[in-house]
Amino acid sequence: MNMPPPIITLVGPTAVGKTALALTLARRFGAEIVGCDASQVYVGMDVGTGKVRPDEAAGVPHHLIDVVRPDAPFDAGAYARLADAAIADIRTRGGRALICGGTGLYLRALVEGLCEAPPVDPAIRADLQARLAAGEGMSLHAELAQVDPAAAARIFPADHPRLERALGVFRTTARALSDWQAEGRAAAPRYDVRMLGLTVPRETLRRRIADRTVAMFDRGLVDEVRALEAAGFSRDLKSMQAIGYRQAAACLHGELSRDAAIRLTIDATRQYAKRQETWFRAMPDVAWHTAPPDLAAVEAWVAGHWGSP
């Protein structure tokens, strides 16, 4: 039986140019794109997530974009299940799967599987939720940094669900979530994957993030949040806490000026991009290219794994 072609995954920080390169490669090699972005899965969250526009995607099938409502539960496990189905569908039709995105946790869940850490004790979970609701996210993050510095490095204080999970696992088991995850990664990978990374000098990325953030607000990010809230989606939802959305909501409700919302979004995005760089740089066997890449070199690398277009 012929083995399916390996999956090629395009990774890198936000605003580095992954979407444009993925579209070019998909058209060149007849591939289908499987998104790997924790916010692009939500219907109606388009402007603030940098979601590919229909005119941009013309002719290139996309998967794992617009798959759930903003109030639907969704996590790395749900992502892996849907991505499994998308990849199986692509391969049934003899196609090639190109994964593109910057959510490292989702990619790890797909390629390596989820860790087998036990559930958090209900009393511990209730205590953590109460403290988070009381605004103690920063102090809880400091506690996490003491007991699980690896997890603290990739979880930001405003990411309450992941912060609660990491601290809850430690308090329940007296063992760091990172240790559970490392143990789970000892198993064989679930897919044959080839990693392609895109990067830029830090100052260039900082400018790109600033320019893209201003463009998002100019394109109507605050209006998008207004429409989401009018449709019944609370600003307190996990999905609506994404970078850009919580700042736009504060602007909408008069808590921040437009300029302040833009500035805070830029700062938060730059911090997130730095964490993404750290995450992906730690992954082995990534073929890194500086944007804008030498397209001929990138296509030659892809052809080495997929064959000629």
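Bear in mind that the values in this text are calculations on the coordinates, not laboratory data. Because the structure is a prediction, the values reported are computed rather than measured. Glycine also receives a Cβ, built like all others from the backbone with ideal geometry; neighbour counts cover every protein chain displayed.
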Worksheet, complete the sentence: Percent relative contact order for the chain, counting Cα pairs under 8 Å at least six residues apart, stands at 26
Response to the item:
In the range 1-106, the trypsin sites (Lys or Arg not before Pro) that sit in a DSSP loop and have at most 11 other Cβ atoms within 10 Å of their own Cβ are ARG93
Worksheet, complete the sentence: For the range 157-309, the charge dipole (Cβ of Lys, Arg +1; Cβ of Asp, Glu -1; about the Cα centre) points to a positive end, and the Cα of LEU198, ALA261, GLY232 closest to that extreme belongs to ALA261
Worksheet, complete the sentence: Counted neighbours (other Cβ, 10 Å), sorted fewest up, put CYS251, CYS115, CYS36 in the order CYS115, CYS251, CYS36
Item to complete: Please sort by residue number the GluC sites (Glu not before Pro) in the range 77-159 whose DSSP state is loop and whose Cβ has at most 11 other Cβ atoms within 10 Å.
Response: GLU116
Response to the item:
trypsin sites (Lys or Arg not before Pro) in the range 210-260 lying in a DSSP loop, each with at most 13 other Cβ atoms within 10 Å of its Cβ, come to ARG219
Practice prompt. Over the alpha-carbon set of the chain, divide Rg by the Kirkwood Rh and report the Rg/Rh ratio to two decimals.
Written response: 0.96
